[in-house]
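Below is one structure, written out as C-alpha cells, with a few remarks after it.
Coordinate-derived values only; no laboratory data. This is a predicted model, so every value here is computed, not measured. Glycine gets a Cβ as well: all are built from the backbone with ideal geometry, and neighbour counts include every protein chain shown.
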Amino acid sequence: MANPWRGEVTLVINGAPQVMRLTLGALAGLETALDEPSLVALVERFEQGRFGSADVLAVLKAGLLGGGCSLDPAALDHAEIEGGPMRAARAAAELIARAFVVPA
C-alpha cells in the first residue's frame, strides 16, 4: 500500500502492485532523461500538458527505481499496466505532484 506522505504511488504492473516513489536521485536522473534544466521546468512540463508517452515511461521508470521495485525498469516498455495508458499517465502525474506537495 502506497504512503502518500512519503510520495508513494501504486501502479499495477503485470498483475502485481508496484509502489513507486521519486527520490532525489530518481528526480536527478529524470531531469537528465527528459533533458530539463531544473525540477521547476520538469514540473511545469507536466502541469502544462507538454508531455508524451516516452515522458510518462521515464517518470514511471524513475519511480520504480526510487521505490526500490524489483521489476526491471526496461521491462516496463512491454508490461501490462492495469488501466492502460491513461492510468499510467495519471500515476506519473501523481508521482511528480507527491514529490513536491504534502498530501491534504
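Details
- Relative contact order for the range 4-100, counting Cα pairs under 8 Å that sit 6 or more residues apart, in percent: 43 percent
- Dipole of the range 4-100 computed with +1 at Lys/Arg Cβ and -1 at Asp/Glu Cβ about the Cα centre; of VAL19, ALA62, GLY29, farthest Cα towards the positive end is VAL19.
- If you take all other residues with their beta carbon under 11 Å from the beta carbon of LEU65, and give Lys and Arg +1 and Asp and Glu -1, the sum is +1.
- Added length on full extension, which subtracts the Cα-Cα distance from 0.36 nm per residue, ARG45 to ASP77: 9.3 nm
- Size of electric dipole in the chain: Cβ of Lys, Arg +1 and of Asp, Glu -1, about Cα centre, debye, nearest 20: 260 debye
- Environment charge of ARG6, counting only residues whose C-beta is closer than 14 Å and scoring Lys/Arg +1, Asp/Glu -1: 0
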